[in-house]
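K.L.:
What follows is a single structure, and I will ask about it in a moment.
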Amino acid sequence: MPTDTRSSEPAPIIFKAVVSAIDDVALVRLPEDASERLPSRGQVAVHASVAVHASMAGHDFETVVEPDGRRGHWIRVDKALRQGARISPGDSTEVTLRVAADWPEPDVPDDLATALAEAPAKIRDVWEDITPMARWEWVRWVQATPNPETRQRRVEVSMSKMDGGKRRPCCFDLASCTDPNLAKGGKLRDP
């Protein structure tokens, strides 16, 4: 009897792109065909590799690919990644993405982390029990506004919703670009 040699793991998504910048943030925009191969128009956890040339070993990292609000995606290229991969804005890169089964933990902003630390055990238990993907959604929702008063209100509402047993924020477009420094109207700005 023949053995099924098909892998259940999706093929890697490989593409070439130029590192661009919006203000002081370096990023890589996924080409349309690469973005279409992702399983969601929202955030997607990936194992990634970036190389300046296909012949060079890539710099491996885990990240969450962000939606651009236009049915596409982008990846932040922070200082550590730029140094590790020896890339800068304007450089052409080869990127390899593999969709990850497990999500990395998000960097929880100080205001949300403080509220969680000071919250009753019931709220902290909800936070610990939800998936890393759900924690990413709470972080995105809190950070999606440039207005400090709105942000503080979102932290308060987050605590209230989790106190009521809610596991995810509601009523925001998961496919929009939620970085208030990079987005306008929920769409990633042009460089």
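The values are calculated or read from the model by the stated rules, or taken from the named source; none is laboratory data. Computed from a predicted structure; not experimentally measured. Using ideal geometry, Cβ is built from the backbone for each residue, glycine included, and neighbour counts are taken over all protein chains shown.
K.L.:
Take the residues in the range 134-165 that are of a type in the set (Val, Ile, Thr) and touching a helix residue (DSSP H, G or I) at 6+ places or on another chain (Cβ under 8 Å), then tell me which one is farthest from residue 121 (Cα to Cα).
P.N.:
Quick first cut of the range 134-165, residues of a type in the set (Val, Ile, Thr) only: 139, 142, 145, 150, 155, 157.
Those still in the list that are touching a helix residue (DSSP H, G or I) at 6+ places or on another chain (Cβ under 8 Å) too: 139, 142, 145, 155.
Values: 139: 19, 142: 21, 145: 28, 155: 17 Å.
Here the residue is 145.
K.L.:
Just to check your reading of the model, which residue among 116, 174 is of a type in the set (A, V, I, L, M) and over 22 Å from residue 44 (Cα atoms)?
P.N.:
Working: 174 fails: over 22 Å from residue 44 (Cα atoms).
Result of the check over 116, 174: 116.
K.L.:
Taking residue 43 as meeting all but one of (1) buried (at least 19 other Cβ atoms within 10 Å of the Cβ); (2) polar (S, T, N, Q); (3) over 17 Å from residue 177 (Cα atoms), write down the number of the exception.
P.N.:
(3)
K.L.:
Which of the numbered conditions does residue 134 fail, given that it passes all the others? Conditions: (1) in contact with a Lys or Arg (Cβ under 6 Å, 6 or more places away or on another chain); (2) assigned by TED's automatic domain parsing to the domain that holds residue 34.
P.N.:
(2)
K.L.:
Is one or more of the residues making up the range 58-66 in contact with a Cys (Cβ under 8 Å, 6 or more places away or on another chain) and buried (at least 17 other Cβ atoms within 10 Å of the Cβ)? Show your work before the answer.
P.N.:
Applying the first criterion (in contact with a Cys (Cβ under 8 Å, 6 or more places away or on another chain)) to the range 58-66 yields 66.
Subset that is buried (at least 17 other Cβ atoms within 10 Å of the Cβ): 66.
Yes, the conditions are met somewhere in the range 58-66.
K.L.:
If we only count helices (runs of 4 or more DSSP H) wholly inside the range 81-191, which ones have 1 or more residues that are in contact (Cβ under 8 Å) with a residue 12 or more places away in the chain and hydroxyl-bearing (Ser, Thr, Tyr)?
P.N.:
Output list reads 148-163.
K.L.:
Taking the range 143-191, which residues are more than 24 Å from residue 28 (Cα to Cα) and among the β-branched types (Val, Ile, Thr)?
P.N.:
Once the filter is applied, which keeps residues that are more than 24 Å from residue 28 (Cα to Cα) and among the β-branched types (Val, Ile, Thr), the range 143-191 yields 150, 155, 157.
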